[in-house]
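See structure below.
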Amino acid sequence: MTLTASDGEVHDALLEIDERAARSRQRASGRRTAIVHSHGIMGNFLVGTLRFLPGPLARAGFPVLVLETRMSNVGQLFGQAILAEAARDIDAGVQWLREEGFDHIVLSGYSSGATLAIRYAATHHLPWLRGVISLAGPWGLPQSLENRSGRYGADPSYDEVVLMARRAIGDDPDDPTADRLFVVERSRGPTREPRDSEVYTYRTWWHSRGPGAVAGMAFRQIGSVWAPLLLVQGNDDEHVSMHEAHALASVARNAGNRDVEVAEIPGADHAFTGTEITTLDAVIPWLRERA
């Protein structure tokens, strides 16, 4: 289906549903629960959790609405990838599910999509929210990028991009007319090949990866999430460390959330390559108990 956000942004979405399994789950739980899933910055059905997650969850009785948001793919190239505004895309998906008769929702996200899901849960009062699932979600997008930049010797460095962005966008970081594209080499790996590089506009970088991008800092948001939390993290993730999941869990628990669980996936990289079944084995029982 096609969803329209409150500001007019139009995005495609895909609902994965097994009608028979959903009816069975509804009879068992007394609820008609669906999952809203946000993918990462390069989200598509060949990358990350979208390769394996929605179908099995739907067959377990949990329909999954996979959202295309302004944060994905070309969004960071054309100035649309603004985290604070992407909440409107999540809201459009949530409202569509509610109109379709789903009375309870689980928010789920992968990588930067996990940051978006946590922020949405933290800033919206949803009495029918059954839980939030973070898969390979970083402590903070700015902190994660800065750490990677230092590890791989990014060119330009994180501090250099801060200065470049300030010059490029001037006094108004919300003015798209001052925005320009730039490339960071060795941002995701040790080579100057495209696979280890990242491309942004200065404005999208500033609002999601800049030093003041609070919306991109999950650790600044997660303490306001009252719903059950599942933090799924691979211990061989090349971009997000296991420590980050445990640190986020500590923030949530210290803020008063009594239902916070960390699922460590042995041998899992950032895309959960080869550990898909183990990951599903962590997610599905958690959903059955809470959703």
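Read-outs: derived from the displayed coordinates by stated rules, not from any lab. Source: prediction; values computed, not measured. Virtual Cβ from ideal backbone geometry, glycine too; neighbours counted across all protein chains shown.
Worth pointing out:
- Overall form of the range 223-272 per C-alpha gyration tensor (a/c, 1.5; a/b vs b/c): prolate
- Peptides 124-136, 172-184, ordered by how many other C-beta atoms sit within 10 Å of their residues on average, highest first, read 124-136, 172-184.
- Here is the list for the range 75-109: GluC sites (Glu not before Pro) lying in DSSP coil, each with at most 16 other C-beta atoms within 10 angstrom of its C-beta, are Glu100.
- Radius of gyration over Kirkwood radius for the range 143-209, both on Cα atoms: the Rg/Rh ratio is 0.98.
- Anisotropy class of the chain from Cα gyration tensor, a/c 1.5 cut: prolate
- GNM flexibility winner over the chain from Gly137, Gly30, Gly216 (Cα, springs under 10 Å): Gly30
- Listed values for the range 155-168 are Karplus-derived 3J(HN,Hα) couplings in whole Hz (6.51 cos²θ - 1.76 cosθ + 1.60, θ = phi - 60°), namely 10, x, 6, 4, 5, 5, 5, 4, 5, 5, 5, 4, 5, 6, and x replaces Gly and Pro.
- Taking the range 143-209 and dividing mean pair separation by its residue count, relative contact order in percent (alpha carbons under 8 Å, at least six apart): 33 percent
- Here is the list for the range 229-291: GluC sites (Glu not before Pro) lying in DSSP coil, each with at most 13 other C-beta atoms within 10 angstrom of its C-beta, are Glu238.
- Relative contact order computed over the range 96-210 (Cα-Cα under 8 Å; 6+ residues apart), in percent: 20 percent
- The label point for Arg31 and the one for Ala178, both projected 7 Å from the Cα toward the Cβ, are 4.5 nm apart.
- Taken along the Cα-to-beta-carbon direction at a fixed 7 Å, the label points for Phe45 and Thr191 span 2.9 nm.
- By DSSP, the beta bridges lying fully in the range 115-258 are antiparallel in about 55 percent of cases.
- Selected from Arg195, Arg119, Arg220 as most flexible by GNM, with the chain as the system and alpha-carbon contacts under 10 Å: Arg195
- Local electrostatic count at Asp103 - Lys and Arg +1, Asp and Glu -1, tallied over other residues with Cβ under 11 Å: +3
- Mean Cβ neighbour count within 10 Å, used as a protection proxy, ranking 56-64, 246-254 highest first: 56-64, 246-254
- Label positions at Ser157 and His124, each projected 7 Å from the Cα along the C-beta direction, are separated by 4.0 nm.
- Evaluating 6.51 cos²θ - 1.76 cosθ + 1.60 at θ = phi - 60° for every residue in the range 53-60, the Karplus couplings come out as 7, x, x, x, 5, 5, 5, 7 Hz, glycine and proline recorded as x.
- Relative contact order [Cα under 8 Å, 6+ residues apart], the chain, whole percent: 17 percent
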